[in-house]
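Below is one structure, written out as structure tokens; the observations come after it.
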């Protein structure tokens with residue numbers, strides 16, 4: 001009964017994963033008349049030391065890190081704030097929950113397009129004209145996506161906009177598992193709202209919060225769709241925003257260099273697996289089933 | 001929270017929520033309004049929000065411009081996305097729930113080892129196998145089945161079903177077993193009907209992810225006749241000069257199916273997300 005899924009997982013996940021490791025030791029090019037030759041650790045050496053290749057690759061790694069360093073804390077904190085705001089008895093609270101969650105159902109390919117308009121570089125772009133209006137004309141047009149200083153920030157903002165509802169819902173579920181009596185007891189002890197937050201809310205959702213932060217960091221390493229869409233058609237600064245996955249895809253697909261792309265894939269996998277293992281280690285205690 | 005809020009607090013809550021909500025909703029309103037406006041009025045500062053000159057012209061323009069062999073057919077892109085979503089969701093429900101049942105309820109040699117394997121495979125993100133898969137199936141590019149097959153068996157779905165099935169008391173199945181029902185019969189006649197919430201959550205999460213699926217089609221599809229919608233969206237928005245009205249109309253057509261599903265099954269969406277995390 002378990003066979004079909006297990007076979008599927010082995011064929012489409014297990015085997016290709018092993019194959020990535022094998023391919024990364026070879027010099028394989030798609031559509032090349034030359035037979036693949038054994039390359040040893042050459043692909044990895046090049047990734048980290050060959051100036052032509054390591055430049056873009058290390059830049060991609062750095063961009064991934066920058067993305068994660070901003071997205072993980074900001075998105076988690078915002079999701080927590082929203083979850084706390086929504087965790088009370090108000091009329092229309094269901095409507096608000098839906099509104100914050102709505103962007104989650106938007107495909108990234110579309111989110112990228114909407115934000116391409118908002119961040120458009122002309123003075124008629126939504127953000128530019130809003131800034132112009134509030135600054136009484138002192139703000140000129142700015143190329144948010146194309147300027148290397150703000151390109152990554154733009155990707156961070158649109159990614160948080162799309163993803164924060166997901167984390168919010170998880171945290172909301174965590175908040176609702178905190179027994180109400182704890183708050184009543186805190187109230188009797190005349191605890192302020194801040195003290196209630198520090199001593200009841202935070203400990204109550206500690207493991208959920210850690211889980212959400214780790215999940216966000218794993219997901220943030222997988223960032224690809226929005227970068228690809230905007231680089232290919234939206235005037236996004238490529239160097240400032242290329243990520244490890246973007247680098248793997250362009251290496252495999254545009255340069256037909258499968259061996260090199262596989263090495264990038266393996267490095268990517270190692271990063272994700274380390275993050276996931278940390279997550280399991282941190283979340284397990286207290287959440288044993 | 002414990003106390004009844006004062007009217008002032010209540011007002012403040014609504015005010016803060018409304019300001020925050022507008023940040024989330026304005027881009028969506030902009031999308032819908034823009035899709036109904038002439039292209040030159042969209043990238044036109046804040047007046048892009050004024051509901052003037054509304055018409056469905058952009059929609060008919062998208063449908064007629066994507067209506068030939070050289071540009072591809074809009075309804076074909078839509079049909080392909082719907083077909084892929086249908087196959088991946090229904091196929092996935094069958095295969096993954098059966099796997100989870102076998103792993104949580106039936107006793108067989110090697111069960112523990114297989115379950116450990118699935119937990120390990122859950123660690124492998126699709127991105128990290130995309131390149132070797134692309135190389136392995138390079139001669140199958142531009143076929144429909146290769147777009148769907150890799151996503152049917154899903155370790156995370158197996159895990160979600162597994163968690164749910166383990167919460168069902170074994171005594172419920174024992175009655176069926178005494179009546180002589182085999183594992184298949186027990187599964188389809190008893191377990192499946194009482195696991196509707198799990199099936200709904202997994203189905204909706206799978207649908208959501210599959211509908212937006214982008215990386216795999218980027219690698220595997222060059223022929224417009226098998227191109228799913230999100231990929232066509234990225235091609236369409238890259239046209240020069242961009243026709244914003246048509247691009248936004250295309251965007252609405254891309255998101256409408258998920259919004260409809262979302263509106264009807266909202267509870268399961270949210271529950272699916274929440275349960276996957278809190279139990280995981």
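Derivation of every value follows stated rules applied to the coordinates shown; laboratory data play no part. Since this is a predicted model, take the numbers as computed values, not measurements. In this analysis, Cβ positions are derived from the backbone assuming ideal geometry, glycine residues included, and neighbour counts consider all displayed protein chains.
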Fill in: Inter-chain Cβ neighbour average for residues A:113-120, partner chain, 10 Å
6
Item to complete: Per DSSP H run of n ≥ 4, the term is -39500 (n - 2.57); total these for chain B, divide by its residue number, and report the mean residue ellipticity at 222 nm rounded to 500 deg cm²/dmol.
Response: -21000 deg cm²/dmol
Worksheet item: Roughly how tilted is helix A:244-253, in degrees to the nearest 10 and between 0 and 90, from the longest Cα axis of chain A?
Response: 30 degrees
Discussion item. I'd like the distance separating the alpha-carbon centroids of segment B:93-116 and segment A:177-193, in whole Å.
Written reply: 44 Å
Worksheet item: Between residue A:95 and residue A:195, what FRET efficiency comes out of the Förster formula 1/(1 + (r/R0)^6) with R0 = 35 Å and r the beta carbon distance, rounded to 0.05?
Response: 0.70
Item to complete: Using a 10 Å cut-off on Cβ to Cβ distances, tally the other chain neighbours for every residue of B:114-127 and report the average as a whole number.
Response: 6
Discussion item. How tilted is helix B:7-35 with respect to the longest principal axis of chain B? Cα atoms for both, answer in degrees (0 to 90, nearest 10).
Written reply: 70 degrees
Worksheet item: Mind checking the angle between helix A:108-118 and chain A's longest principal axis? C-alpha axes, 0 to 90 degrees, to the nearest 10.
Response: 70 degrees
Worksheet entry | For segment A:53-106 versus segment B:26-76, the gap between their alpha-carbon centres in whole angstrom | 28 Å
Item to complete: Please report the relative contact order for segment A:1-146, taking Cα pairs under 8 Å with a sequence separation of at least 6, and give it as a percent rounded to a whole number.
Response: 9 percent
Discussion item. Let me confirm one metric for peptide A:94-105, namely the mean number of other chain beta-carbon atoms within 10 Å of its residues' beta-carbons.
Written reply: 6
Worksheet item: Counting pairs of alpha carbon atoms under 8 Å apart in space and at least six apart in sequence, what relative contact order in percent does chain B give?
Response: 29 percent
Item to complete: Only Cα pairs under 8 Å and at least 6 apart count here; give the relative contact order of segment A:169-289 as a rounded whole percent.
Response: 27 percent
Discussion item. Viscosity 1.567 mPa s, temperature 4 °C: what is the translational diffusion coefficient of the protein assembly as shown from Stokes-Einstein with a Kirkwood Rh over Cα pairs, rounded to a whole number of µm²/s?
Written reply: 51 µm²/s
Worksheet item: With each label point set 7 Å from Cα along the Cα-Cβ vector, what nm distance links residue A:123 and residue B:145?
Response: 6.0 nm
Practice prompt. Please work out the C-alpha center-to-center distance from segment A:107-147 to segment B:176-241 and express it in whole Å.
Written response: 35 Å
